[in-house]
Amino acid sequence: MLALTSIWTTVLLAAAVALGPLAIDMYLPALPLMAESLSASATQIQLTLSIYLTGFALAQLVCGPLADRFGRKPIMIGGFLLFALASIGCALAESIETLILCRFLQALGGSAGPVLGRAAVRDIYTPREAARIMAILASIMALAPAVAPTIGGFMMVSLGWPSLFLALGAYSLLMALVVAFGIPEPMNPQHRQSLAIGSLLRNYRRIGSDIGFIGYTLTNSLAFAGLFAFLSGSSFVLIEFFGVKPQHFGLFFACVVAGYIAGNLMAIRLGRKLTPDQILLRGLVVSVSGGAVMSGLALEGVNTVWAVILPQIVFIAGVGMVLPQTMAGALASFPGMAGSASALFGFIQMVVAAIVGVLVGYFHNGTPVVMAVIIGICAVSALASYLLLVRNHAAAEFQTA
């Protein structure tokens, strides 16, 4: 077993948490082909993204309290095993309805990694240290979605889209072994919570009535929703509208992920001089700039791949600065119930993203306009959430020098 504060523990946690993004990013290049193969519309196939986020959100409300009672490791291992079984179901699906059902089950298992990874970081570190560690963890995690669409594109062309889900299932089994034998239990036994309904409701009421928690969570959710708008619409915009080959889609996606990593690294660097909330504000300004430029170019009819990709890189760099600070800020005040706080945080994040994903699919008109405008709106809304809710109710430790 590794030491909890070892950099290798952080690496292994990142690898485990990366299962969630991989389940989204790896099959993005296959969406148009899957729609054709299963005789589904663009709206129906994009529903496999939104239903995944919906199941992901609902399951977190359960696995968070379970982890506060029984510890992080057993819940993560059980989640990974369920994910593997559901992945096999996805690979064998012969109708869009079956695929949607299996994606929902996949989400139930996949939710354990991210929600408990955040909780584990809060278990181990102080709030300000957690912001730095989450930025490092996010940078490591970003390597997976950076290469996943490229790998997915080539696998789809050579082996067919079901192979993507078989690969995800194998990865989840590997992560179950990693968590079981490589990572110590991070939760302090003194922080174990009751599973009595009254106790759970009191915990969630306390967390949900904290203005600082609400502010950080909404700011994070709206920024993440802008990212998800790109995930939901980019394959149709780039592959169908601009004619990018599926096996090349991942290269453009990797450019966007590089922007996210750059934002994470900038947050780590600025963390030596600035408070997390100061970094958060700067990241939001960067995201608004990227979203505004993309929206403006799309509305003006500037239809080139780089008119989408370059502003998205700017937007996502800001998101890379925003997400670690808001995650740490939301959990800062709840060391004794980090699992439940992380669960409610993740639930809200995923619900907002799922709604945005549905909107992108519903209003998609075959051009980049809908996706770009929604990304711009998400960026501005995230900044408004910070100014109205977070600025005057920041986590106490975030304001110390």
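The values are calculated or read from the model by the stated rules, or taken from the named source; none is laboratory data. Values in this document were obtained by computation on a predicted structure and should not be read as measured data. Using ideal geometry, Cβ is built from the backbone for each residue, glycine included, and neighbour counts are taken over all protein chains shown.
The set of residues in the stretch 87-101 being touching a Gly at 6+ places or on another chain (Cβ under 8 Å) and in contact (Cβ under 8 Å) with a residue 24 or more places away in the chain consists of Ser87, Ile88, Ala91. One residue stands out among those in the stretch 156-167 that are in contact (Cβ under 8 Å) with a residue 24 or more places away in the chain and over 10 Å from Ala91 (Cα atoms): the one that is surrounded by the most Cβ atoms within 10 Å (Cβ to Cβ), which is Met156.
Take the residues of the stretch 269-288 that are in a helix (DSSP H, G or I) and of a type in the set (Gly, Ala, Ser): which is farthest from Arg391 (Cα to Cα)?
So the first thing to find is which residues in the stretch 269-288 are in a helix (DSSP H, G or I), and the list is 269-270, 276-288.
Keeping just the survivors that are of a type in the set (Gly, Ala, Ser) gives 283, 287.
Values: Gly283: 14, Ser287: 18 Å.
This residue is Ser287.
To keep it simple, each residue is scored yes or no on (1) in contact (Cβ under 8 Å) with a residue 40 or more places away in the chain; (2) buried (at least 20 other Cβ atoms within 10 Å of the Cβ).
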site	(1), (2)
Arg272	no, no
Gly283	yes, yes
Ser287	yes, yes
Ala292	yes, no
Glu300	no, no
Val305	yes, no
Leu310	no, no
Ile316	yes, yes
Gly329	yes, yes
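Here the stretch 199-232 is the region considered, the condition is being closer than 23 Å to Ala138 by Cα and small (Gly, Ala, Ser), and the residue that is surrounded by the most Cβ atoms within 10 Å (Cβ to Cβ) is Ala223.
Would you check if there is a residue in the stretch 314-324 being within 23 Å of the chain's Cα centre (by Cα), assigned to a helix (DSSP H, G or I) and among the aromatic types (Phe, Trp, Tyr)?
Within the stretch 314-324, the subset within 23 Å of the chain's Cα centre (by Cα) is 314-324.
Filter once more, so that each one left must be assigned to a helix (DSSP H, G or I): 314-324.
Add one more test, that the residue is among the aromatic types (Phe, Trp, Tyr), and what stays is 315.
Checked the stretch 314-324: at least one residue is within 23 Å of the chain's Cα centre (by Cα), assigned to a helix (DSSP H, G or I) and among the aromatic types (Phe, Trp, Tyr).
Taken together, the residues in the stretch 160-181 that are outside any helix (DSSP H, G or I) and over 23 Å from the mean Cα position of the chain (by Cα) amount to 1.
Of the residues making up the stretch 94-113, just one is outside any helix (DSSP H, G or I) and touching a helix residue (DSSP H, G or I) at 6+ places or on another chain (Cβ under 6 Å), namely Ser111. Applying the set (1) crowded, with 16+ Cβ neighbours inside 10 Å; (2) more than 18 Å from Ser6 (Cβ to Cβ) to Met187 leaves exactly one unmet item: (2). Only one of the numbered conditions (1) within 19 Å of Gly20 (Cα to Cα); (2) within 22 Å of the chain's Cα centre (by Cα); (3) not basic (Lys, Arg) is not met by Ala130, and that is (1). Yes or no: the stretch 63-70 includes at least one residue that is part of a helix (DSSP H, G or I) and touching a Phe, Trp or Tyr at 6+ places or on another chain (Cβ under 8 Å). Within the stretch 63-70 (the criterion being part of a helix (DSSP H, G or I) and touching a Phe, Trp or Tyr at 6+ places or on another chain (Cβ under 8 Å)), the answer is no, since none of the residues qualifies.
What residue, among those in the stretch 182-215 that are assigned to a helix (DSSP H, G or I) and under 23 Å from the mean Cα position of the chain (by Cα), is modelled with the lowest pLDDT? Step through it out loud before you land on a result.
Initial filter on the stretch 182-215 (assigned to a helix (DSSP H, G or I)): 182, 189-191, 197-208, 211-215.
From what is left, the residues that are under 23 Å from the mean Cα position of the chain (by Cα) are 204, 207-208, 211-215.
Numbers: Tyr204: 86, Ile207: 91, Gly208: 89, Ile211: 92, Gly212: 90, Phe213: 92, Ile214: 94, Gly215: 94.
By that ranking, first place goes to Tyr204.
Among the residues making up the stretch 357-382, those that are surrounded by 22 or more Cβ atoms within 10 Å (Cβ to Cβ), modelled with pLDDT of 90 or more and touching a Ser or Thr at 6+ places or on another chain (Cβ under 8 Å) are Met371, Ala372, Ile375, Gly376, Ala379, Ala382. The listed residues are Arg132, Arg122, Arg128, and the only one of them that is in a helix (DSSP H, G or I), touching an Asp or Glu at 6+ places or on another chain (Cβ under 6 Å) and in contact (Cβ under 8 Å) with a residue 12 or more places away in the chain turns out to be Arg128. Output the residues belonging to the stretch 331-356 that are crowded, with 21+ Cβ neighbours inside 10 Å, small (Gly, Ala, Ser) and in a helix (DSSP H, G or I). The answer is Ala338, Gly339, Ser340, Ala341, Ser342, Ala343, Gly346, Ala353, Ala354. You will find that of Glu185, Glu240, the residue that is among the charged types (D, E, K, R), closer than 30 Å to Pro311 by Cβ and out of contact with any Cys (no Cβ under 9 Å at 6 or more places or on another chain) is Glu240 and no other.
Specify which of the listed residues (Pro74, Pro29) is without any contact (Cβ under 8 Å) to a residue 24 or more places away in the chain and either out of contact with any Phe, Trp or Tyr (no Cβ under 6 Å at 6 or more places or on another chain) or crowded, with 21+ Cβ neighbours inside 10 Å (or both).
Working: Pro29 fails: without any contact (Cβ under 8 Å) to a residue 24 or more places away in the chain.
Result: Pro74 is the single residue among Pro74, Pro29 that is without any contact (Cβ under 8 Å) to a residue 24 or more places away in the chain and either out of contact with any Phe, Trp or Tyr (no Cβ under 6 Å at 6 or more places or on another chain) or crowded, with 21+ Cβ neighbours inside 10 Å (or both).
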